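One structure is given below, encoded as structure tokens.
The values are calculated or read from the model by the stated rules, or taken from the named source; none is laboratory data. The model shown is predicted, which means the values in this text are computed figures rather than measured ones. Neighbour counts are summed over all protein chains in view; Cβ atoms, including those assigned to glycine, are modelled from backbone coordinates with ideal geometry. Note: areas computed on protein heavy atoms with side chains; ligands, DNA, RNA excluded. Shrake-Rupley method; radii C 1.70, N 1.55, O 1.52, S 1.80 Å.
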Amino acid sequence: MTLHALLFDVDGTLADTERDGHRPAFNQAFADAGLDWHWDATLYGKLLAVTGGKERMKYYIDHYRPDYRKPDSFDELVADLHKAKTQHYVALAARGGIPLRPGVKRLLVEARGAGLRLAIVTTTTPENVTVLLEHSLGSGTQNWFEVIAAGDVVPAKKPAPDIYHYALEKMGLAHAGCLAFEDSENGLRASLGAGLKTLVTVNDYTLDHDFTGAAVVLSDLGDPDAPNRLLAGPDLGQSFVDVAYLKALYAS
Ligand code: XBP
Ligand code: MG
């Protein structure tokens, strides 16, 4: 089986969205609501143990705020805060405030030209994905992706493999011939759980994660004039990721 489809995570993989995108958007929503909740960059790293913004807020209250008395309408409060947070995030991304990681645009353009099928597989909210693609990758680029599998379309978020199963089903594909791109342990557990070979690019929040089972772990995708670093896995003799590299990795 040859490589014919690429499935991309978004947060941490296409762009470093978490520390300077999602985190300030959550904090702004908390401040607007008059809450004394505030997530600094270190605490946020710990909260990333849980994927999904609504799930993350509940985890924060349960594990870090024993002093907080939940109102009866707590689920509603979390849903409202999450809506407000999404508005802040969308505004930031629409200002072009969240650049893509190195090599991402180059690889997507080349993969598209090579006829590889593309999909997005993420736990974040769909609006967050479309605004990021539109403003950081380019106008109309959401159409490059055959499926954008995002957010609450499956009840169990990563590390559950459900969102990958959902995307593969929509594409009418099994795991063979597909390669996933992830940045975190939760993401890798999800893609491996769906039987997918997975390329990992790390970021500051995920450097120390356990990437056992990844096909390769790289600092980033790299570019011809900005080599990446191989952190684990086979040395394919190339310091940036292109379609030839992906085909060789898939076959290895
Ligand atoms: C991303 C997430 C998301 C974002 C916030 O994980 O966990 O929750 O942090 O987005 P992954 P929402 O990269 O593994 O998909 O607030 O829209 O959930
Ligand atoms: Mg991620």
**Prompt:** How about the range 52-140: which trypsin sites (Lys or Arg not before Pro) there lie in a loop by DSSP and see at most 10 other Cβ atoms within 10 Å?
**Reply:** ARG69, ARG95
**Message:** Compute, for the range 97-252, the length of the dipole vector about the Cα centre, with Cβ point charges of +1 (Lys, Arg) and -1 (Asp, Glu) only. Units Debye, rounded to 20.
**Reply:** 360 debye
**Surface accessible to a 1.4 Å probe, per residue, for the residues of the chain, Å²** = 44 Å²
**Request:** First compute the accessible area of the chain with a 1.4 Å probe, then give the percent of it belonging to carbon and sulfur atoms.
**Result:** 51 percent
**Asked** Alpha carbon centre of the range 189-206 versus the range 45-80: separation in Å?
**Response** 25 Å
**Message:** Given axes a ≥ b ≥ c from the Cα gyration tensor, I'd like to know whether the range 183-252 is rounded (a/c under 1.5), prolate (a/b larger than b/c) or oblate.
**Reply:** oblate
**Item:** Surrounding net charge for TRP144, when Lys and Arg each add one and Asp and Glu each subtract one, Cβ distance under 15 Å
**Value:** +1
**Asked** Considering only the chain, what is the antiparallel percent among its DSSP beta bridges, to the nearest 5?
**Response** 15 percent
**Complete:** Where a ≥ b ≥ c are root eigenvalues of the Cα gyration tensor, a/c under 1.5 meaning rounded, otherwise prolate if a/b exceeds b/c and oblate otherwise, the range 153-210 counts as oblate
**Request:** Report, by chain and number, residues whose modeled amide H sits under 5 Å from the one on ALA232, excluding near sequence neighbours (fewer than 5 apart, same chain).
**Result:** VAL217
**Request:** Please get the size of the charge dipole for the range 1-139, origin at its Cα centre, with Cβ charges of +1 on Lys and Arg and -1 on Asp and Glu, quoted in debye to the nearest 20.
**Result:** 420 debye
**Fill in**
From DSSP H assignment alone, runs of 4+ in the chain each adding -39500 (n - 2.57), the sum over residues rounded to the nearest 500 puts [θ] at 222 nm at -11500 deg cm²/dmol
**Message:** On a 25 Å Cα-Cα criterion, which of the cross-link pairs LYS46/LYS158; LYS54/LYS197; LYS85/LYS197; LYS85/LYS158; LYS58/LYS83 come out too long?
**Reply:** LYS54/LYS197; LYS85/LYS197
**Asked** Over all distinct alpha-carbon pairs, what is the Kirkwood Rh of the chain in angstrom?
**Response** 18.6 Å
